[in-house]
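J.: Would you mind keeping the following structure in view while I ask a few things?
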Amino acid sequence: MPVALIWLIAALALASAEALTGDMFLLMLGGGALAASASSWLLDWPIWADGAVFLVVSVLLLVLVRPPLRRRLTPAKGALTGVQALEGKSALVIDRVARHEGQVKLAGEVWTARPFNDSDVYEPGEQVTVMHIDGATAVVWKNV
């Protein structure tokens, strides 16, 4: 069996095994084996030279191609959704916010609000920051 065919079979086996892992490591080794197969078929070098081609190409693929490929294929960290996405947002006081009363306009919606410090009072028209959401109530703090 020609050496080029053995390298080609190794490349296909590594690429197939990559389907089970999804880590992009075996795929890079498969690329190195494919390069070794091509060099063996085209140049008829000794087997140690094919091994060197495999080693160099595999290392180059692992160092240069794998990191950007993984960044591109890995999903981004989960975006904040729901009430977590509202924390830190600016809101407009539309009804006096005191210890047990108040409303703010937050993300286009009217929310019940209370101040972060119970002694604070915010008047309509003031800008506040949402510190956190407590149930259906926005806990707000005065912007500085």
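J.: Can you confirm whether V130 is under 30 Å from A38 (Cα atoms) and either touching a Gly at 6+ places or on another chain (Cβ under 9 Å) or open to solvent by 50 Å² or more (accessible area, probe 1.4 Å) (or both)? Give the derivation first.
T.: On the way: under 30 Å from A38 (Cα atoms): no; either touching a Gly at 6+ places or on another chain (Cβ under 9 Å) or open to solvent by 50 Å² or more (accessible area, probe 1.4 Å) (or both): yes.
No.
J.: Which condition number does I47 fail, the rest of (1) open to solvent by 90 Å² or more (accessible area, probe 1.4 Å); (2) closer than 30 Å to A138 by Cβ being met?
T.: I47 satisfies all of (1) open to solvent by 90 Å² or more (accessible area, probe 1.4 Å); (2) closer than 30 Å to A138 by Cβ except (2).
J.: Right, next: Among the residues of region 92-116, write down those that are in a strand (DSSP E or B) and small (G, A, S).
T.: Within region 92-116, A98, G102, A113 qualify.
J.: Would you mind stating whether V53 is open to solvent by less than 50 Å² (accessible area, probe 1.4 Å), in contact with a helix residue (DSSP H, G or I) (Cβ under 7 Å, 6 or more places away or on another chain) and either in a strand (DSSP E or B) or within 26 Å of V3 (Cα to Cα) (or both)?
T.: yes
J.: Now for a different question. Inside region 7-16, can you point out the residues that are in contact (Cβ under 8 Å) with a residue 24 or more places away in the chain and open to solvent by 60 Å² or more (accessible area, probe 1.4 Å)?
T.: Scanning region 7-16 gives a single hit, L8.
J.: Of all residues in region 10-59, count the ones that are modelled with pLDDT of 95 or more and among the β-branched types (V, I, T).
T.: Within region 10-59, residues that are modelled with pLDDT of 95 or more and among the β-branched types (V, I, T) number 4.
J.: Picking from A19, A35, which residue would you name as being part of a helix (DSSP H, G or I), open to solvent by 50 Å² or more (accessible area, probe 1.4 Å) and free of Cβ contacts under 8 Å to residues at least 60 places away in the same chain?
T.: On the way: A35 fails: open to solvent by 50 Å² or more (accessible area, probe 1.4 Å).
Result: A19 is the single residue among A19, A35 that is part of a helix (DSSP H, G or I), open to solvent by 50 Å² or more (accessible area, probe 1.4 Å) and free of Cβ contacts under 8 Å to residues at least 60 places away in the same chain.
J.: Moving on to the next point. I need every pair where a residue in region 128-141 that is under 10 Å from L86 (Cβ atoms) has its Cβ under 6 Å from the Cβ of a residue that is in a loop (DSSP other than H, G, I, E, B) and open to solvent by 70 Å² or more (accessible area, probe 1.4 Å), sequence separation at least 6 or different chains.
T.: V130/E87; V130/K89; H132/E87
J.: Right, next: Restricting to region 70-88, and then to whatever is in a loop (DSSP other than H, G, I, E, B) and at pLDDT 85 or above, can you tell me which residue is surrounded by the most Cβ atoms within 10 Å (Cβ to Cβ)?
T.: Among them, the one singled out is L86.
J.: Among what's in region 104-116 and is open to solvent by 60 Å² or more (accessible area, probe 1.4 Å), more than 31 Å from the chain's Cα centre (by Cα) and not β-branched (V, I, T), pick the residue that is farthest from K142 (Cα to Cα).
T.: K105
J.: Within region 95-103, is there a residue that is open to solvent by 70 Å² or more (accessible area, probe 1.4 Å), among the small types (G, A, S) and at positive phi?
T.: Taking every residue of region 95-103 in turn, none turns out to be open to solvent by 70 Å² or more (accessible area, probe 1.4 Å), among the small types (G, A, S) and at positive phi.
The values are calculated or read from the model by the stated rules, or taken from the named source; none is laboratory data. From a predicted model like this one, the values you see are computed outputs, not experimental measurements. FYI the Cβ positions are ideal-geometry reconstructions off the backbone, even for glycines, and counts take in every protein chain you see. These accessible areas exclude ligands, DNA and RNA; they are computed on the full protein's heavy atoms, side chains included. Shrake-Rupley method; radii C 1.70, N 1.55, O 1.52, S 1.80 Å.
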